[in-house]
Amino acid sequence: MAGVVKINCDGSAFGHNPCGAVGFVLRDSSCNLLGAMASNIGHASSLEAEFCTFMLATEKEKEMSISRLWMETYSLAVVTAFYKESGILWKMCNKWYNCMMICRQNGCTCTHIIREGNRAADALAKNGQGLSMFSSQWLTSPPTYISSFLFRDSLGLPYSRISPDFYI
């Protein structure tokens, strides 16, 4: 859609006392990269990481003065919270509602995407795991580890869970 900025978001958490990380990619309607972020958010569950990703992306949207936004996430909990205002983690309620005010003012939409369609954001979130605690990377050009994902997305090529070896 012309004039719409799309953000693909993903969060991750690993380990017994999980370290959370987030990643998101901003692209214009021609699939040009506007920016990408990888961030380590400290101790967090995977659900906390998913909500944090959405909120950080919303804050970046406001900072960049983006008015029409389409958020895609693998987290059905985030999509449900966006439309039904339910399932929001209590410790994130205040920040979540502030982000929802920004989204409503800017005509933001939120949709679910299958995991394979969110590979660039997933790679950024995994990269965030390797950053020092509470640090972030803002990228204005695509790092090599997401370039192929962005290229495939720009061509509209699908991803598959089925390995090519499956058919042999």
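The values are calculated or read from the model by the stated rules, or taken from the named source; none is laboratory data. It should be emphasised that the depicted structure is a prediction, and the values quoted were computed from it without experimental measurement. Every residue, glycine among them, receives a Cβ derived from its backbone with ideal geometry; neighbour counts consider all protein chains shown.
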With respect to MET92, is the statement that it is under 11 Å from GLU50 (Cβ atoms) and either more than 13 Å from the chain's Cα centre (by Cα) or without any contact (Cβ under 8 Å) to a residue 60 or more places away in the chain (or both) true?
yes
Tell me which residues, restricted to segment 99-114, are among the polar types (S, T, N, Q) and either exposed (fewer than 14 other Cβ atoms within 10 Å of the Cβ) or at positive phi (or both).
GLN105, THR111
Note down all Cβ pairs under 8 Å where the first residue falls in segment 119-139 and is surrounded by 15 or more Cβ atoms within 10 Å (Cβ to Cβ), the second is β-branched (Val, Ile, Thr) and assigned to a helix (DSSP H, G or I), and they're at least six residues apart or on different chains.
ARG119/ILE146; ALA120/ILE146; ALA121/THR53; ALA123/ILE146; LEU124/ILE146; ALA125/THR53
Among (1) over 23 Å from LYS62 (Cα atoms); (2) surrounded by fewer than 11 Cβ atoms within 10 Å (Cβ to Cβ) - the single one LYS91 does not satisfy
(1)
Take the residues in segment 35-44 that are over 11 Å from PRO142 (Cβ atoms) and in contact with a Lys or Arg (Cβ under 9 Å, 6 or more places away or on another chain), then tell me which one is surrounded by the most Cβ atoms within 10 Å (Cβ to Cβ).
ALA38
Given the conditions (1) surrounded by fewer than 24 Cβ atoms within 10 Å (Cβ to Cβ); (2) in contact with a Ser or Thr (Cβ under 8 Å, 6 or more places away or on another chain), every one holds for SER30 apart from (2)
If a residue must be farther than 18 Å from LEU131 by Cα and more than 10 Å from the chain's Cα centre (by Cα), how many such residues does segment 18-34 contain?
8
On the given criteria, is GLU61 touching a residue at least 40 places away in the same chain (Cβ under 8 Å) and buried (at least 17 other Cβ atoms within 10 Å of the Cβ)?
yes
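Do we find a residue being β-branched (Val, Ile, Thr), touching a Ser or Thr at 6+ places or on another chain (Cβ under 9 Å) and under 20 Å from LEU124 (Cβ atoms) anywhere in segment 79-94?
Yes, segment 79-94 has at least one match.
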In the list THR111, THR80, which residue meets the criterion of being touching a strand residue (DSSP E or B) at 6+ places or on another chain (Cβ under 8 Å) and among the β-branched types (Val, Ile, Thr)?
THR111
Could you list, ordered by first residue, the pairs with Cβ atoms under 9 Å in which the first is in segment 1-20 and modelled with pLDDT under 80 and the second is surrounded by fewer than 24 Cβ atoms within 10 Å (Cβ to Cβ) and not charged (D, E, K, R), at least 6 apart or interchain?
MET1/SER29; MET1/TRP70; ALA2/SER29; ALA2/SER30; ASN17/HIS43
